[in-house]
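*Asks:* Quick one: structure below, then a few questions.
The values are calculated or read from the model by the stated rules, or taken from the named source; none is laboratory data. From a predicted model like this one, the values you see are computed outputs, not experimental measurements. No Cβ is skipped: glycine too gets one built from the backbone with ideal geometry, and neighbour counts run over all protein chains shown.
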Amino acid sequence: MKRFTNLSADDILETLQMIHNENLDVRTVTMGISLLDCADPDPKRACDKLYEKIVRHAENLVPVCERISMEYGIPIVNKRVAVTPIAMLLGCAPDADPVAYAKALDRAADTVGINFIGGYSALVHKGFSAGDVRLIQSIPQALSETEKVCSSVNIGTTKSGINMDAVAMMGDIILDTAKRTAERNCIGAAKLVVFCNAPEDNPFMAGAFHGVGEPDVVINIGVSGPGAVRSALQNDAKGLDLSGVAEVVKRTAFKITRMGQLVGEVAGKALGVPFGIVDLSLAPTPAIGDSIADVLEAMGLETVGAYGTTAALALLNDAVKKGGVMASGSVGGLSGAFIPVSEDAGMIKAAEKGVLKLEKLEAMTSVCSVGLDMIIVPGDTPAEVLCAMIADEAAIGMVNTKTTAVRVIPAIGKKAGDHLSFGGLLGEGPVMHINTVSPYEFIHRGGRIPAPIHALKN
Amino acid sequence: MNAVITVIGVDKVGILARISTACAQAHVNIEEVTQTILRGMFAMIMLVTLPEDLTIESLSVKLNEAGEALGVNVSVTRQEIYDVTHKV
């Protein structure tokens, strides 16, 4: 093929193919905004300040992303904002109604035209400070009375252990959130993530918030690309052994990440905001062909959920990181493969067939990010069972020094085998069968699971 | 600004002529042209330089008009997206 300056026609056509036929896109450009300077004992003033600051910094986010998307030919699916955990603003306003802050965030999101705003959050991994408990207790109301606000609670870290008092609260909070949004397919619970080792620069919702160690304002990027990886495996990995498969994944991840890096740099410059990180996570969508399950199946599994799934996912996750770190000077966030069941057509199919079970999903979360994600459970699941699921996932994250999370949606009024649909990127899926043997006493002991010995590295 | 124009569709008389005429009218300089067959479809790729006052968006509108008349798919993007994905 004739060389075309430094590019060959094949190179150009391959990139176009990835974008147009394999769903390659930049999944999210997320602007992180610190609200620490918006704290005020007068809740009305605090809400006015945070609204003004978000709108001032993010008012050009959507038009700038649309222009970049048009000029570079790469779709940017979501434009979002992540803010300082709101519990930190509540500390100095003991009489404030936290829901008013959620509504101010929602209004700001509407004004700037983004589709989600994250940071209705509390970090309670070692204990509760002023504002934390009020924020957590207000989550069901806040998520049922807003459209775009996302919430997260960090209940554990490798360094501090797991705050089981917080874990014990979260089962009821998730159930109440689902109940209050039951007429909207329980969508509130899809906007609530319970973390262990939550990253402070995660651009992906629903778990994004702006950590206190971050700059005042920053741009973080989440890339996508399961379709491109699957296609590369189908075209270039025929007959290769698994080292060869890993190489193909690495090369594809490199290309995907370079696009994210470019978009981040250009967006940061255009908005006058420092570029933070590219999150290397392969994020699926419910669109056919944009599925992590398809990638695992392209490696040779009949259906995701089969024995071998955890090993294939470990290979994928590692190869994505190795390709990605070469492509970007600044990698962060979650950076792994996502396995949200309802957002991945292949996972939905495997769960409907009964091949992909909760126990296998839990095993998979030990080798990838982010955890039990977008899993629909029966509406009558006892709160303590949800708490225990959270504790198990947090333990996997704590011991393996990685992020894990739980985002489960109790389908109110439905039982295992029924179906729940959220629409859009959040997708749909079967209500999964779960083990309801009681962990009641364990959960209600409270206290803290101590940090593991390998946390003591100093 | 450097950009890449790609034209994909069924081969027919006048594609190169029509697209390059549209470029000339917009004062777009064509640096290189290459043509190939992609899965049985005609694919033409042009590396071009845009004048300073022309945006990708307005060139795209003009070329899409020409593309529609020819029944081919035309896209215009900045060159950097290809550079970053194919150069280490």
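Results for (1) hydroxyl-bearing (Ser, Thr, Tyr); (2) touching a Ser or Thr at 6+ places or on another chain (Cβ under 6 Å), shown as yes or no for each residue.
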position: A:9; (1), (2): no, yes
position: A:34; (1), (2): yes, yes
position: A:39; (1), (2): no, no
position: A:47; (1), (2): no, no
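*Asks:* Which residues, counting only those in segment A:207-228, are assigned to a loop (DSSP other than H, G, I, E, B) and surrounded by fewer than 24 Cβ atoms within 10 Å (Cβ to Cβ)?
*Replies:* Once the filter is applied, which keeps residues that are assigned to a loop (DSSP other than H, G, I, E, B) and surrounded by fewer than 24 Cβ atoms within 10 Å (Cβ to Cβ), segment A:207-228 yields A:211, A:212, A:213, A:214, A:215, A:216.
*Asks:* Let me ask you something else. Give the number of residues within segment A:140-176 that are among the β-branched types (Val, Ile, Thr) and under 20 Å from residue A:202 (Cα atoms).
*Replies:* Selection size over segment A:140-176: 5.
Yes or no, residue by residue, for (1) within 14 Å of chain B (Cβ to nearest Cβ); (2) surrounded by 19 or more Cβ atoms within 10 Å (Cβ to Cβ); (3) modelled with pLDDT of 95 or more; (4) within 24 Å of residue A:139 (Cα to Cα):
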| position | (1), (2), (3), (4) |
| --- | --- |
| A:53 | no, yes, yes, yes |
| A:61 | no, yes, yes, no |
| A:64 | yes, yes, yes, no |
| A:68 | yes, yes, yes, no |
| A:75 | yes, no, no, no |
| A:81 | no, yes, yes, yes |
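*Asks:* Please find, within segment A:52-89, the residue that is nearest to residue A:210 (Cα to Cα) out of those that are touching a Lys or Arg at 6+ places or on another chain (Cβ under 6 Å) and touching a residue at least 24 places away in the same chain (Cβ under 8 Å).
*Replies:* The qualifying residue nearest to residue A:210 (Cα to Cα) is A:61.
*Asks:* Find the helices (runs of 4 or more DSSP H) located wholly in segment A:293-378 whose residues include 2 or more that are closer than 24 Å to residue A:401 by Cβ, and list them.
*Replies:* A:309-327, A:358-364
*Asks:* Which one is farthest from residue A:351 (Cα to Cα), of the residues in segment A:425-441 that are out of contact with any Asp or Glu (no Cβ under 8 Å at 6 or more places or on another chain) and without any contact (Cβ under 8 Å) to a residue 60 or more places away in the chain?
*Replies:* Per the criteria, the residue is A:441.
*Asks:* Quick check: anything in segment A:396-410 crowded, with 19+ Cβ neighbours inside 10 Å and in contact with a His (Cβ under 9 Å, 6 or more places away or on another chain)?
*Replies:* No.
*Asks:* Right, next: Out of segment A:23-44, which residues are crowded, with 20+ Cβ neighbours inside 10 Å and more than 15 Å from residue A:87 (Cβ to Cβ)?
*Replies:* Of everything in segment A:23-44, those that are crowded, with 20+ Cβ neighbours inside 10 Å and more than 15 Å from residue A:87 (Cβ to Cβ) turn out to be A:23, A:24, A:25, A:26, A:27, A:28, A:29, A:30, A:31, A:32, A:33.
*Asks:* Hey, which of the helices (runs of 4 or more DSSP H) in segment A:1-97, taking only ones fully inside, have at least 3 residues that are within 28 Å of residue A:195 (Cα to Cα)?
*Replies:* Counting at least 3 such residues, we get A:43-58, A:87-90.
*Asks:* Any residue in segment B:68-84 that's more than 9 Å from every other protein chain (Cβ to nearest Cβ) and at pLDDT 90 or above: show its pairings with residues that are part of a strand (DSSP E or B) and surrounded by 22 or more Cβ atoms within 10 Å (Cβ to Cβ) at Cβ separation under 6 Å, as long as the two are six or more apart or on different chains.
*Replies:* B:72/B:7; B:74/B:7
*Asks:* Within 14 Å of another protein chain (Cβ to nearest Cβ), under 17 Å from residue A:67 (Cα atoms) and hydrophobic (A, V, I, L, M, F, W, C): is that true of residue B:43 in this structure?
*Replies:* no
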